[in-house]
């Protein structure tokens, strides 16, 4: 048994925060750093379907809060990210692959094969939609942990009026709002963590049981 | 500028591994520990839609590899998780809330309100489906980082024949296969990380730009 990596303690103590210090703010550089870390998440073919709108101004946060059925964390947190998935992100893949080849991360033949394969797969719109939800969620989880690592806290919300969010924040049909992520300085010092199901309720070995 | 939490270095160096040591194995206790950490991810109403099948036996890994179009990491990694989302997970919510109240994590009134709200929301099957993809992906990202923290590596795959995976591993219609996650001991020591888009390509302040 080796010493545990400190990330495990962080994963275990992280919790969804609903009460943020409304006086606390984050500057653009801090927000960029958080998002840069979030984009280290994996995505199929490295397409990076995730997009982020950082909502910071008081008036904007108020409007976003209303579109989130009044959930106060959206109004109070320093920033709430609208995490989007780009349904046409595959169109950026040739450029992404070109850069990967240039940096020596991928041989040219493989890069070309990936672009072709991805084009064929992403013709299926339902599949593409699932894929952007997956990618955006992987990045969102990474962002939550990156926030926690900076002494901040995060609260993810999937309950919001997507049509209204689109309208109020200039988001076209090409982008799917996947979740909101309030990030800021937590007010609670002793938030109680919600218990989880016993591991054997959610895990099976070799084959599923139903 | 404070000292950086070591998770940030881990997030930045993590990469999708395709080549695993086929001699390396993980025992049931190690697999349970990984999944237990993964379930610290958040989910809407704490429903915990994620389910995991840990595929470890050589013959099973071979069958899963075939269902994943021959992607060798599924055959070679110590374990490949079939990450599922339970489309009827909301039915477990009353029990989950009861336990949360018992542990003092939530007042009884709020717990009851959550159960009622969730029941209404989850009537919408398309919404429920999106929700399980989100939850399973949040847990999968946490599992990848928990693996990395243990000196292991992970590779997520969304390309597989879901119908075949269902059939071969006893997974009924109630569960949606969301991704495969190969976890084991990496063979590469100097995997090249795929470059990411510049942060300003994926981030906008205040409102989206299209």
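Residues in region B:1-23 that are within 18 Å of residue B:180 (Cβ to Cβ) and more than 7 Å from chain A (Cβ to nearest Cβ): B:15, B:17, B:18, B:19, B:20, B:22.
Kindly establish whether residue A:170 is within 7 Å of chain B (Cβ to nearest Cβ), outside any helix (DSSP H, G or I) and modelled with pLDDT of 95 or more. Yes. Within region A:152-164, if we keep just the residues that are touching a residue at least 40 places away in the same chain (Cβ under 8 Å) and surrounded by fewer than 22 Cβ atoms within 10 Å (Cβ to Cβ), the residue that is nearest to the chain's Cα centre (by Cα) turns out to be A:157.
Within region B:89-99, is there a residue that is more than 9 Å from chain A (Cβ to nearest Cβ) and within 30 Å of residue B:21 (Cβ to Cβ)? Scanning region B:89-99 turns up no residue that is more than 9 Å from chain A (Cβ to nearest Cβ) and within 30 Å of residue B:21 (Cβ to Cβ). Picking from residues in region A:105-151 that are assigned to a loop (DSSP other than H, G, I, E, B) and either within 18 Å of residue A:83 (Cα to Cα) or without any contact (Cβ under 8 Å) to a residue 40 or more places away in the chain (or both), the one that is farthest from the other protein chains (Cβ to nearest Cβ) is A:123. For region B:74-88, the count of residues that are under 21 Å from residue B:185 (Cβ atoms), facing chain A (nearest Cβ under 7 Å), in contact (Cβ under 8 Å) with a residue 12 or more places away in the chain and under 19 Å from the mean Cα position of the chain (by Cα) is zero.
When the test is whether a residue is within 23 Å of residue B:136 (Cα to Cα) and surrounded by fewer than 24 Cβ atoms within 10 Å (Cβ to Cβ), residue A:91 does not pass it. On inspection, residue B:188 qualifies as more than 8 Å from chain A (Cβ to nearest Cβ), surrounded by fewer than 23 Cβ atoms within 10 Å (Cβ to Cβ), under 26 Å from residue A:36 (Cα atoms) and out of contact with any strand residue (DSSP E or B) (no Cβ under 6 Å at 6 or more places or on another chain). Across region A:189-202, what is the number of residues that are within 23 Å of the chain's Cα centre (by Cα) and modelled with pLDDT under 75? Counting residues in region A:189-202 that are within 23 Å of the chain's Cα centre (by Cα) and modelled with pLDDT under 75 gives 1.
Within region A:24-55, the set of residues being touching a strand residue (DSSP E or B) at 6+ places or on another chain (Cβ under 6 Å) and more than 7 Å from chain B (Cβ to nearest Cβ) comprises A:24, A:26, A:31, A:49. Residue B:160 meets each of the listed conditions (1) in contact with a helix residue (DSSP H, G or I) (Cβ under 6 Å, 6 or more places away or on another chain); (2) over 23 Å from residue A:129 (Cα atoms); (3) assigned to a loop (DSSP other than H, G, I, E, B) apart from (2). Total residues in region B:96-122 satisfying the condition of being loosely packed, with under 12 Cβ neighbours inside 10 Å and within 24 Å of the chain's Cα centre (by Cα): the figure is 0.
The values are calculated or read from the model by the stated rules, or taken from the named source; none is laboratory data. These numbers were taken from a predicted model, which means no experiment stands behind them. Counting neighbours? That spans all protein chains shown, and the Cβs are built from the backbone with ideal geometry, glycine included.
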